[in-house]
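What follows is a short report on a single structure.
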């Protein structure tokens, strides 16, 4: 069970390393994926989040965090850092992802966890070649062409492997999706204040 | 866009930015055609985002134990850095990517060494020889020059020791190679066609394409160089040195050195992979990878990075290094040779620093104060006993 934001903030205020561990366990992965949505690159996203955590630990600001605003503070900061970093990258290649940059953290934070877990399981069950293609494209932000070169296959093969993989996941998740929608409506109405 | 099964195909490409202008318009027209299509698109887009996030989620590698090491190690490093920074008086901390490899000692003997008057040993300066793809050689020094390569790439030396590459109008089909050779007592800076900056130290050379072509950016290094690599996730930057390959992943890492039979890479921050023949080893910040050429083994250890990279900012920094290694490094810049009258002093371990434009004898005087070694300068030879 993840630690509460109150616990994390209290431990960090005391500069207790345990606070860093709880923060990491609870927020590291979601923040990396959040930043990766902007940077289109998981490793660079990891750098951004780790540098940010280190800064929190080393500077006074990490000791003055408020539990009520912790979540929004984390997401907003990481987003800004990722956007700073994005500016230094090729703007053309990433222009296709503006919708991603415009997404609010609340939208991201309330994403459908159960659905994601299901999608992850489906991806794990795919053949290795399909997963390699997806890794290049989604985790490293490579183009079809660069992916083809990396894996030593044609661009057409990359296209086919990717499309088939996405279709298969979609098909297998569609039944699950219907159930989930009902569940989510319930959850959404509960979280609205 | 009629056949249903082609829609997903095109939508994926559209969402990934792989469509050309016409295809994009086609997709947009299809989406605008009906409310049903619009709903399908929105639904598909959401689903596609989930797939992407799921893949990204699985690709996250950081764990708390690894991160914790970085957290604690950084604290240690910061403390030590502060001490050094005090000594260095305003040394800018390095950002960017650096990598350095010291050339194997090839036993060269300077020919005219003994003729110069011994009053003061001159530090090196801006000096290099450029080998163009047609075999022509151009000496670069303190005057500005403009050149053009066969593939249309423009070369400009600014007279302050920087050689700039700017790609031509048309993309080149085949790579055209240049080689920049920096002699003993020289140094030079390169700005490659992709924007990457390279600082070449004395007695070093780099071979690189005038414009980068193909799926990777590969350069071949002999000697020592510091790299500040421009990020391009579609084209990894690879530094090849004596068979060791350093592959650049992140944007902020640093340096390596070499004694005889060894190649080293030291990472400041970010991420690089080091490989020699087979497996690639990922380095964490403040780690040094050392390849032993004889058996191809790679050894990784934690180090203090600053002494490895300070040369790039015009500073010699030695931290607990053998006098033999120190004299070798000084020799490359001041063009001096050490003669050890007493074998035992070779192994003395010393620390110290010196700005590169200063008289090297200042450093010798410092070493005499803190050790039993004694230095006497005769022409370009330094006798150590």
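Coordinate-derived values only; no laboratory data. Just so you know, these numbers come straight off a predicted model, no measurement behind them. Here the Cβ is made from the backbone with ideal geometry for all residues, glycine too, and neighbour counts use every protein chain on show.
Annotations
- Residues of segment B:316-349 with an amide N closer than 15 Å to a point placed 7 Å from the Cα of residue B:372 along the Cα-to-Cβ direction: B:323, B:341-349.
- Going from the fewest other Cβ atoms within 10 Å to the most, the residues B:147, B:267 appear in the order B:147, B:267.
- Note on B:44, B:227, A:24: ascending count of other Cβ atoms within 10 Å places them as B:44, A:24, B:227, the fewest first.
- Per-residue shielding of A:42-50, expressed as the average number of other chain Cβ atoms within 10 Å of the residue Cβ, stands at 6.
- Peptide-level mean, for A:53-60, of C-beta atoms on other protein chains within 10 Å: 2
- Segment A:102-164-segment A:1-69 distance, computed between alpha-carbon centres (Å): 26 Å
- Potential lengthening between residue B:207 and residue B:240 on full extension [0.36 nm per residue; Cα-Cα distance subtracted]: 10.9 nm
- With a simple spin-label model that places each label point 7 Å from the Cα along the Cα-to-Cβ direction, the separation between residue B:346 and residue B:322 comes to 0.7 nm.
- Cβ-derived FRET efficiency at R0 45 Å, residue B:26 paired with residue B:144, nearest 0.05: 0.30
- Three-way shape call for segment B:261-385 based on the alpha-carbon gyration tensor, with the a/c threshold at 1.5: prolate
- A simple spin-label model places pseudo-atoms 7 Å from Cα toward Cβ; at residue A:55 and residue B:300 they are separated by 2.7 nm.
- Once the chain from residue B:34 to residue B:162 is taken as fully extended at 0.36 nm per residue, the excess over their C-alpha distance is 40.2 nm.
- When B:300, B:345 are arranged by Cβ crowding within 10 Å, least crowded first, meaning fewest neighbours, the order is B:300, B:345.
- Computed E for residue B:68/residue B:220 - FRET, C-beta separation, R0 30 angstrom, nearest 0.05: 0.20
- Averaged over the residues of B:225-236, the number of partner chain Cβ atoms lying within 10 Å of the residue Cβ comes to 4.
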